1. Per residue, how large is the accessible surface of region 428-530? Use a 1.4 angstrom probe and give square angstrom.
2. Spelling out what I want: for every residue of region 448-458, take phi, set θ = phi - 60°, compute 6.51 cos²θ - 1.76 cosθ + 1.60 (Karplus), and round to whole Hz; glycine and proline get x.
3. Just the accessible area for residue 174, please: 1.4 Å probe, Å², rounded to the nearest 10?
4. Quick one: pull the percent of accessible area on the chain belonging to carbon and sulfur, 1.4 Å probe, ligands and nucleic acids left out.
5. Hey, which lysines would be in cross-link range of residue 550, C-alpha to C-alpha under 19 Å, not counting anything within fewer than 8 residues on its own chain?
6. Could you order 340, 316, 65 by accessible surface area, starting with the largest, using a probe radius of 1.4 Å?
7. Taking a ≥ b ≥ c as the square roots of the Cα gyration tensor eigenvalues, with a/c under 1.5 meaning rounded and otherwise prolate when a/b beats b/c, else oblate, which class fits region 367-448?
8. Modelling each spin label as a point 7 Å along the Cα-to-Cβ direction, I'd like the residue 340/residue 384 distance in nm, to one decimal.
Amino acid sequence: MAKTHNLGFPRIGAGRELKTALERYWSGQGAREDLLDCGAALRRRHWQQQAQLDWVPVGDFSFYDQVLDMGFTLGHVPPRARVPGADPRDDYFRVARGRSAEDCSCHALQAGEMTKWFDTNYHYIVPEFAADSSFALDPTRLLAQWEEARALGVAAKPVIIGPLTYLWLGKTRDGSARLDLLGRLLPAYAQLLRTLAAAGAEWVQIDEPLLVLDLEPGWAEAFRHAYASLANCGVKLLLATYFGPLQDNLALACALPVHGLHLDAVRARHEVAALLPLLHPDQVLSLGVIDGRNVWKADLHALLDWLEPLHGQLGDRLWLAPSCSLLHVPVDLARETDLDSELRFWLAFACQKLEELRILSVALNRGRVAVQEALVANAAAHTARRRSARVHKPAVQAALAAVQPAWRTRASSFCQRAPLQAAALKLPPYPTTTIGSFPQTSTIRQARQAWRLGQLDQAGYESAMRAEIAHCVRVQEALGLDVLVHGEAERNDMVEYFAGLLDGYVCTSQGWVQSYGSRCVKPPILFGDIALAQPMTVGWSRYAASLTDKPMKGMLTGPVTMLNWSFVRDDQPRSVSGDQLALAIRSEVQALEAAGLQVIQIDEAALREGLPLRRADWQAYLDWAVDAFRLAANGVHDSTQIHTHMCYSEFRDILGAIAALDADVITIEASRSDMDLLDAFEHFHYPNDIGPGVYDIHSPNVPEVGQMVAALQQAARRIAPERLWVNPDCGLKTRRWDEVLPALERMVQAAQQLRAALPTRRSA
Ligand code: GLN
Ligand code: ZN
């Protein structure tokens, strides 16, 4: 009998209950008990929703981040976060956010660095290592959740992050090697496994997604050593790999002494044949056949055609699961009552994916006839999607075929464009700007919602948004910023907003996916050929520009980010969807220019996270991604200044591609990583202007002027000062006005101090 299990369930709650509870707790409105109760209720509900599985995950729930949880379980907590006598849960939030609660009287501290989890849009807190890091098991959280699950009567399987992946995810600040810590780390893992065994656990899922990456020297040997030492701890280990094929690590993974291996059979299905002969006769093979990274219905017939012979061979050693944790998809399609029924019929969210697993296992164990009706419906959905005229549009395909290579290139080089732009914009040295959004207040959200619900008419909505824009422009003028923005009040989200205006996209109303902490996004669904029905931003930008003499930036989201932050088609290459998006955005850029906007920012916040996990695949991705951006951006005159923005600090390895975008100005995240990334500029001559973020907008803390001056001075040692801009790390929409105003005031002061030390004017 094939068994079914799950690697992880979305923890935020179908109604984002966890978000609400966390934010109430942080703001001091909710008691700690309320937050804990909310967590317990969500876990209970989620286990019940998974109860039909043979094993449900335990320990996948988190109040902020599973990597941070693992750190606390291992007793590996940055010493600065430990406040003697305080509740450890507050230590936890201190690492995650720089403080435990908004009005916390204790000293604010540096929040842990956040970075993206493999190639997803989920952010984890980076473990901090040093040569003297130590570990001391604290299994309280896992054991408590294990007991909860047992009390509920579900078959539970604890989930932990494996030792090698945990080490690899972290950073050392003192130049020591992470692997040197393995000897100290393994006893904590062994003790954890023995503790779980003593509590009654039969299986433990140990996640080692590191195995789908290119391993650095020494790590393969470390895997062998680590798993040999964890082999006899009284539990069966299910080694989980996901997000890609194992490739050169396949033999390594199969040689580890574990009782089961999970493979992402969506992205690595082709490896199953090679893997089978390497399994031990009693080893379990868990196949992640249901896509945990996208929202389309699985093709159950095709899967059964493939799985039936495998099942014949493996019998009850075959387990079926989603490809990875379902953390990366929305919870329940049943909540999408507004979605048109045609589209809905093509989709599956977390709950529906578990139902697909059930159908597959019944079909394998009892024959397809036992789930005949479900299989017929599944096939009908696939046929309808394949034939739909909403998906395939000849006009869009013809427009794409007509694109000329020259459309992807500016008329002149940056050296020739820069003086024209300087003459047009007349900016001081170290010009200041923001990344686009200003705080999204409840007034803004209420107005948008009332309009969406039809309680506020179009005119009322427009005047509410215009009032916000006018307020933003006044504030920026008063602060003395140089290049202004309209503030993006009309946007719930930088991708969803555009998706809602483009043909070929649909937005959900409840399709939330956790991004970091309490932050969630609703990735829109790109289901068909993309077309621009009418200008999307020109009205707002033109109005904002009319209120000031300072340059106003038009603000768009780039094609690659649209793609990487959406659920996209699985029936054509991403590059084709990317170019369709680029063409639509290009029209918008040209419309903004025609409306008089001299500066246009095209955000590519997510360009880097689209990088394939394996180096060998990078160039092909970067080639089409850069091409798509250039198609979107390069249809303007030389005097129009194109900005782009990227939200990450790991970027030395793609500098060539960033330069190839040929944006006149790029603003990037830099503050949390101490301008580390600028080291890359010592070796790579980045040709255009750059604004390394000096204000960490992910933390409520207000930066000091001196901090920002020092950061920029550090930047000026690598980048010619006349090419530096001064800006925050990212947009300000998640912050409050009372945090943003003093921060920007100080940021402008920092720029002024630097100008005073640099008397030469920005040359025209
Ligand atoms: N312009 C967007 C904003 O300011 C950019 C956001 C982002 O990079 N994530 O909100
Ligand atoms: Zn950003």
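The values are calculated or read from the model by the stated rules, or taken from the named source; none is laboratory data. If you're wondering where the values come from, they're calculated on a predicted model, not measured in any experiment. Glycine also receives a Cβ, built like all others from the backbone with ideal geometry; neighbour counts cover every protein chain displayed. Accessible surface is based on the protein model in full, side chains and every heavy atom, while ligands, DNA and RNA are left aside. Shrake-Rupley method; radii C 1.70, N 1.55, O 1.52, S 1.80 Å.
1. On the way: 3350 Å² over 103 residues.
Each residue of region 428-530 exposes 33 Å² on average to a 1.4 Å probe.
2. After applying 6.51 cos²θ - 1.76 cosθ + 1.60, I find 4, 5, 4, 5, 4, 7, x, 7, 10, 7, 4 Hz.
3. Here the residue's solvent-accessible area equals roughly 80 Å².
4. On the way: 14440 of 27740 Å².
That fraction is 52 percent.
5. Candidates past the 8-residue exclusion: 426.
6. On the way: 340 55, 316 90, 65 0 Å².
Ranked list, largest accessible area first: 316, 340, 65.
7. On the way: a/c = 4.14, a/b = 1.83, b/c = 2.26.
Oblate, since a/c reaches 1.5 and b/c is not below a/b.
8. 1.2 nm
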